[in-house]
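The values are calculated or read from the model by the stated rules, or taken from the named source; none is laboratory data. All values reported here derive from a predicted model rather than from experimental measurement. Here the Cβ positions follow ideal geometry from the backbone for every residue, glycine too, while neighbour counts run over all protein chains shown.
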Amino acid sequence: MRDQAERLREKIENIKMKQLELVNNDEQSQKHAKILTVTSGKGGVGKTNISVNIAIALSQMGQKVIILDVDFGLANIDVLFGIFTKNSLVDIIHNDKNILEVLTDGPNGVKFLSGGSGVEDLIKLDRFQLERLIKNLALLDKLYDFIIIDTGAGLSENVMSFVMAADDVILITTPEPTAITDAYALIKTVSNRDKHKDIKVIINRAETSKEADDVYNKLSMVSEKFLSLKLTKLGFILNDDSVVKAVKLQEPFFLSYPKSEATKQIKTLAERLMQVEEIMEDNRGKGVKAFFNRMIGYWGKE
Ligand SMILES: Nc1ncnc2c1ncn2[C@@H]1O[C@H](COP(=O)(O)OP(=O)(O)O)[C@@H](O)[C@H]1O
Ligand SMILES: [Mg+2]
């Protein structure tokens, strides 16, 4: 499968939209990317750091990974990692660019794609613009194994539609009571819409693994008791100065501090994700087109 994707990538590196559509319509390859949405109730809990560093870890494990940055509120990946994304999804819609022209190179072969101004704008698109966008995005299925969507925090309709449409939701919280309360509010909103949504939790900035376990257990107990929703424990990352130092250097800690606790834990998390995805080899959500159909289905729903 990977060789196939590699060949395909080479093939389309230099061709224009018309030809891209041909490749896209070639249904011979049934490859679909796994779509993970990284989210949180409260802001500043580590979503972007975790998205980027897990992406690098997965990439080192031989996976093709792209990060879709849809935190429209803040300059995000740009500032954190000194990467300047010139283009965004908007350029596909309004400036006639194709998907390959709007990707930005990140560290270790990880690619970035900026969401532009977001779902608010997507809702305004006409059918042809939306089709054009989805056709372009669907190409990511064939080129990547993982699409990691880094969202903003909170319960906006914008964020929720990415959460509800994802194959997997990765919910980040710290041990701070405010972060836990906001995480619970997000779980509650999800459970109102889908009791069976698989939410994988990462406890970030824990002082000890025991503290992380305690926080997870508490959250999972109340979710099950009051919302009948079962959480999945993905793991934890300790509070680690290497993360802060790397942010100041505008570098991913995984690369700048390869021996740090945070890097070790990111490796474990990436390995667990791979294991989970291997068990679920059915390509659950069936890729980008299905993702967008689900997303559109959730728009405007309470
Ligand atoms: N494991 C950690 N240890 C220490 N500091 C952390 C850790 N994770 C995140 N941080 C701090 O939190 C800040 C916010 O992280 P960020 O990934 O931008 O959060 P979000 O994307 O959720 O807003 C980082 O700049 C860093 O200073
Ligand atoms: Mg962020």
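Numbers below:
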quantity: Residues being within 15 Å of ligand 2 (Cβ to nearest atom) and assigned to a helix (DSSP H, G or I) - total across the stretch 164-182; calculated: 2
quantity: Residue check for VAL38: in a strand (DSSP E or B), modelled with pLDDT of 95 or more and either charged (D, E, K, R) or within 13 Å of ligand 1 (Cβ to nearest atom) (or both); calculated: yes
quantity: Filter result for ILE266 (crowded, with 22+ Cβ neighbours inside 10 Å, within 20 Å of ASN108 (Cα to Cα), out of contact with any Leu (no Cβ under 6 Å at 6 or more places or on another chain) and among the aliphatic types (A, V, I, L, M)); calculated: yes
quantity: Count of residues meeting criterion [within 21 Å of PHE236 (Cβ to Cβ) and either of a type in the set (Lys, Arg) or within 12 Å of ligand 2 (Cβ to nearest atom) (or both)] in the stretch 29-65; calculated: 14
quantity: Complete set of residues in the stretch 163-193 that are charged (D, E, K, R) and in contact with a Leu (Cβ under 9 Å, 6 or more places away or on another chain); calculated: ASP167, ASP168, ASP182, LYS188
quantity: Any hit, the stretch 43-57, residues being free of Cβ contacts under 8 Å to residues at least 60 places away in the same chain and either away from ligand 1 (no atom under 14 Å from the Cβ) or crowded, with 24+ Cβ neighbours inside 10 Å (or both); calculated: no
quantity: Any chance ASN108 is within 19 Å of the chain's Cα centre (by Cα), touching a residue at least 60 places away in the same chain (Cβ under 8 Å) and away from ligand 1 (no atom under 16 Å from the Cβ); calculated: yes
quantity: Pairs with Cβ under 8 Å, 6+ apart, first in the stretch 282-295 and in a helix (DSSP H, G or I), second among the charged types (D, E, K, R) and modelled with pLDDT of 80 or more; calculated: GLY287/ASP141; VAL288/ASP141; LYS289/ASP141; PHE291/ASP167
quantity: Which numbered condition LYS225 fails, given (1) assigned to a helix (DSSP H, G or I); (2) more than 16 Å from ligand 2 (Cβ to nearest atom); (3) touching a helix residue (DSSP H, G or I) at 6+ places or on another chain (Cβ under 8 Å); calculated: (3)
quantity: Subset of the stretch 233-251 [part of a helix (DSSP H, G or I) and under 20 Å from the mean Cα position of the chain (by Cα)]; calculated: VAL243, VAL247
quantity: Yes/no for LYS188 being free of Cβ contacts under 8 Å to residues at least 24 places away in the same chain, away from ligand 2 (no atom under 16 Å from the Cβ), surrounded by fewer than 22 Cβ atoms within 10 Å (Cβ to Cβ) and not small (Gly, Ala, Ser); calculated: no
quantity: Members of the stretch 61-106 that are in a helix (DSSP H, G or I) and buried (at least 16 other Cβ atoms within 10 Å of the Cβ); calculated: ILE77, ASP78, LEU80, PHE81, LEU89, VAL90, ASP91, ILE92, ILE93, ILE99, LEU100, VAL102
